[in-house]
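Before any comments, here is the structure.
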């Protein structure tokens with residue numbers, strides 16, 4: 001929205017003040033440089049800028065905005081932070097002088113039909129067993145596979161030969177999303193999950209938080225934290241039932257569902273609580289050691305931090321990691337810029 005972009009441009013000076021000098025290493029001939037890539041406020045700001053610029057590009061195809069979007073998606077890694085930021089700053093300030101050009105059809109868009117609601121379940125694939133019970137409960141409320149997105153469950157996941165990050169972005173653009181955050185130790189060890197949380201917060205989507213058994217309110221961090229209302233699934237059963245009743249009433253309003261008879265709904269709700277508490281988590285599902293070594297790049301691809309430190313440039317498929325919790329390398333194809341996953345064959349560009 002026009003007002004959102006203006007607000008982000010107005011924050012440029014505040015964000016710029018977060019730059020800091022890296023320590024120099026004279027013995028290694030490493031100079032001191034201006035850095036900002038490691039500042040959380042900058043990370044959230046740049047994600048919101050990318051979303052606003054992408055919206056303009058999708059609507060207008062304007063090449064100047066395409067250039068601004070590319071600069072916003074540059075690899076802010078410390079060495080070139082100042083150069084990229086100054087370039088983006090100049091483009092955003094120039095855009096501010098011509099905002100009507102990019103939002104000339106705001107009135108017409110406001111009259112368009114309201115986007116369809118959809119539930120987006122943001123979770124770690126390690127918590128798939130819990131999430132499958134939640135989907136069963138949602139199905140029992142009257143929702144179907146067209147109204148729920150869940151990347152780890154067949155029928156609710158990403159179609160074959162579709163880029164995972166393009167598909168996720170389209171979900172946020174095309175639907176009026178209600179995001180379910182499934183909080184757990186696994187969730188906070190997943191770079192993909194935390195990116196989803198950041199995007200949902202930046203776009204101000206409706207959301208609900210569910211805490212899996214064994215995960216406490218005090219462990220909630222990030223933009224969706226312990227200050228927000230959440231359902232802790234192993235809390236006092238009376239409280240859990242009440243919170244689920246409230247959630248059901250909310251979804252009835254959002255999706256226009258036909259309310260089930262109380263006896264039917266209560267049976268489905270109570271079975272969900274009972275089955276969730278009965279899930280036994282394997283010991284190797286809580287270590288998180290693999291996730292600690294994984295870093296997500298700005299283009300969505302994954303690398304191992306240990307391999308990066310050793311000078312290796314191996315990139316891995318995020319879709320396979322999300323679905324199978326395994327790292328499959330992205331390998332060259334027959335064309336110069338052609339890259340594809342060695343497992344699922346999804347295509348990637350060479351950036």
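The values are calculated or read from the model by the stated rules, or taken from the named source; none is laboratory data. Treat the numbers as computed from the prediction; the structure is a model and nothing was measured. Methodologically, a virtual Cβ is constructed for each residue, glycine included, from the backbone with ideal geometry; neighbour enumeration extends over all protein chains shown.
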Problem set entry | Tally, over segment 255-279, of residues that are more than 20 Å from residue 178 (Cα to Cα) and outside any helix (DSSP H, G or I) | 4
Seminar exercise, completed: Given the conditions (1) crowded, with 17+ Cβ neighbours inside 10 Å; (2) at pLDDT below 85, every one holds for residue 211 apart from (2)
For this session: Working only within segment 180-193, note down all residues that are surrounded by 18 or more Cβ atoms within 10 Å (Cβ to Cβ) and under 10 Å from the mean Cα position of the chain (by Cα).
Result: 192, 193
Exercise. Can you tell me which residues in segment 250-268 are more than 26 Å from the chain's Cα centre (by Cα) and within 22 Å of residue 118 (Cβ to Cβ)?
Worked result: 256, 257, 258, 259, 260, 265, 268
Problem set entry | Residues within segment 225-254 that are at pLDDT below 90 and either part of a helix (DSSP H, G or I) or in contact with a helix residue (DSSP H, G or I) (Cβ under 6 Å, 6 or more places away or on another chain) (or both), tallied | 1
Problem set entry | Leading residue by the ranking (surrounded by the most Cβ atoms within 10 Å (Cβ to Cβ)) among those in segment 197-208 that are out of contact with any strand residue (DSSP E or B) (no Cβ under 7 Å at 6 or more places or on another chain) and in contact (Cβ under 8 Å) with a residue 60 or more places away in the chain | 199
Exercise. Inside segment 37-56, can you point out the residues that are at pLDDT 85 or above and more than 14 Å from residue 202 (Cα to Cα)?
Worked result: 56
Problem set entry | Considering residues of segment 26-36 that are in a loop (DSSP other than H, G, I, E, B) and under 15 Å from residue 85 (Cα atoms) only, the residue modelled with the lowest pLDDT | 33
Seminar exercise, completed: Reported set for segment 300-325 where residues are at pLDDT 75 or above, closer than 26 Å to residue 153 by Cβ and not in a helix (DSSP H, G or I) is 300, 301, 302, 316, 317
